[in-house]
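Engineer: Okay, handing you the structure first.
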Amino acid sequence: MSLIIHDECINCDVCEPECPNGAISQGEEIYVIDPALCTECVGHYDTPQCMEVCPVDCINKDPEHVESKDSLYQKYLKLTRKTA
């Protein structure tokens, strides 16, 4: 499952640099997460780093993009092959 940032986001800029996949970017009003790049930090960390640093807890699992841990890991492997 990918993550999603809700409209409680205060644009504090702490989540974007924490994402190892570059999945977080500034949207029109709040930060957004690209589900094609989000692996919930699987392959990098034990927990999603954006959720760890978010001061307002506005990042949750996105029910529109349900993925298993294995599929998130496979996505991580594809992403790391592209950058290697």
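Engineer: Considering every residue within the range 24-34, establish whether at least one is of a type outside the set (Asp, Glu) and in contact with a Lys or Arg (Cβ under 8 Å, 6 or more places away or on another chain).
Structural biologist: So far as the range 24-34 goes, no, none of its residues is of a type outside the set (Asp, Glu) and in contact with a Lys or Arg (Cβ under 8 Å, 6 or more places away or on another chain).
Engineer: Does the range 23-35 include one or more residues that are farther than 15 Å from residue 70 by Cα, under 13 Å from the mean Cα position of the chain (by Cα) and of a type in the set (Gly, Ala, Ser)?
Structural biologist: Among the residues of the range 23-35, at least one is farther than 15 Å from residue 70 by Cα, under 13 Å from the mean Cα position of the chain (by Cα) and of a type in the set (Gly, Ala, Ser), which makes the answer yes.
Engineer: Could you say which residue among 26, 74, 49 is out of contact with any helix residue (DSSP H, G or I) (no Cβ under 8 Å at 6 or more places or on another chain) and among the polar types (S, T, N, Q)?
Structural biologist: 74
Every number in this text was worked out from the coordinates using simple rules, so none of it is lab data. Just so it is clear, the structure is predicted and the values come from calculations on it, not from any experiment. FYI the Cβ positions are ideal-geometry reconstructions off the backbone, even for glycines, and counts take in every protein chain you see.
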